[in-house]
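Have a look at the structure below, then the notes.
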Amino acid sequence: ETHIKSGTFRFVEESPYPVITLHYARGIQNFWHSDFNYDKFDFNIRYKKDYKNLGYSEISLFGGFTPNDLPASLLYVPMGAYTTIDFDSWEQFATMPSNAFLCDRYIFAFFRHNFGKMTENKRFSPQIVLCQNVGFGGIRHPEYHSGINFSTLEKGYYETGMLLDHLASYMKVIHFGVGLFYHYGTYTSPHEWQNFAVKISISA
């Protein structure tokens, strides 16, 4: 990464290469009231690719696992951000209810492609953004968590969306847009309208 310092601020210039983050966590029994010994291994890969006259793509991969059998509070809960209408959040599942799934291993992929400005009009030039999110996960012993209402992600969670960014702006600094996401596949809701989510996007 290239860091640029200006006064008390430090700016990070975007890297042309994938950025990889590795994380290891260790739980120690009886340390600060911890009840368990455990290990957690996680990674994240982020990459942005610019295309001449075709906008840019962003992809983010998350993965992790724990080899230990742990209570639900220490397992992985996918990043669900579902409400019928809400603000758009990158690296979250727009149509997934919070706490609906539980995993001890997972891999999630978030992909977006922004086609750039649709017109050369300085006052109004919306941007089309296509989104595809996919998630897989599993749990070795679901029977250890009886009494908790949850599902697993062995068959995959899929959602597709489209945003229209830069529909309006404030002081030409903050831009607003709107989008629609749709969830399909094994874990869809029997109520069709609950598989859709409307999102309001905010960008600078």
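Pull up segment 14-28, narrow it to residues that are open to solvent by less than 100 Å² (accessible area, probe 1.4 Å) and assigned to a strand (DSSP E or B), then point me to the one that is farthest from residue 51 (Cα to Cα).
Start the filter on segment 14-28 by keeping residues that are open to solvent by less than 100 Å² (accessible area, probe 1.4 Å), which leaves 15-16, 18-19, 21, 25, 27-28.
Checking which are assigned to a strand (DSSP E or B) leaves us with 19, 21, 25, 27.
Numbers: 19: 19, 21: 25, 25: 38, 27: 44 Å.
Checking each candidate, the answer is 27.
Please specify each residue of segment 37-52 satisfying the condition of being within 25 Å of residue 68 (Cβ to Cβ) and surrounded by 16 or more Cβ atoms within 10 Å (Cβ to Cβ). Outline the logic, then answer.
First, the residues of segment 37-52 that are within 25 Å of residue 68 (Cβ to Cβ): 37-45.
Those that are within 25 Å of residue 68 (Cβ to Cβ) and surrounded by 16 or more Cβ atoms within 10 Å (Cβ to Cβ): 38, 40, 42, 44.
Need pairs with beta-carbon distance below 9 Å; first residue farther than 15 Å from residue 162 by Cα and within segment 128-139, second basic (Lys, Arg); sequence gap 6+ or separate chains.
Partner pairs satisfying both residue conditions: 136/105; 136/155; 137/105; 138/105; 139/105.
Which of (1) at pLDDT below 95; (2) in contact with a Gly (Cβ under 9 Å, 6 or more places away or on another chain); (3) buried (at least 16 other Cβ atoms within 10 Å of the Cβ) does residue 77 not meet, given it meets every other one?
Result: residue 77 passes all but (2).
Looking only at segment 46-70, which residues are farther than 30 Å from residue 115 by Cβ and either assigned to a helix (DSSP H, G or I) or in contact (Cβ under 8 Å) with a residue 60 or more places away in the chain (or both)? Please lay out each step first, then the result.
At the first step, the residues of segment 46-70 found to be farther than 30 Å from residue 115 by Cβ are 64-70.
Across segment 46-70, the qualifying residue is only 69.
Collect the residues in segment 91-109 that are touching a Lys or Arg at 6+ places or on another chain (Cβ under 7 Å) and not small (Gly, Ala, Ser), keeping them in residue-number order. Walk me through how you get there before you give the answer.
If we filter segment 91-109 for residues that are touching a Lys or Arg at 6+ places or on another chain (Cβ under 7 Å), which is where we start, we get 94, 104.
Matches in segment 91-109: 104 only.
Would you confirm whether any residue within segment 135-152 is under 26 Å from residue 50 (Cα atoms) and hydrophobic (A, V, I, L, M, F, W, C)? Step through it out loud before you land on a result.
Narrowing segment 135-152 to residues under 26 Å from residue 50 (Cα atoms): 135.
Narrowing the set further to residues that are hydrophobic (A, V, I, L, M, F, W, C) leaves none.
There is no residue in segment 135-152 that is under 26 Å from residue 50 (Cα atoms) and hydrophobic (A, V, I, L, M, F, W, C).
The values are calculated or read from the model by the stated rules, or taken from the named source; none is laboratory data. Computed from a predicted structure; not experimentally measured. Methodologically, a virtual Cβ is constructed for each residue, glycine included, from the backbone with ideal geometry; neighbour enumeration extends over all protein chains shown. In case anyone asks, the SASA skips ligands and DNA or RNA and just uses the protein heavy atoms, side chains included. Shrake-Rupley method; radii C 1.70, N 1.55, O 1.52, S 1.80 Å.
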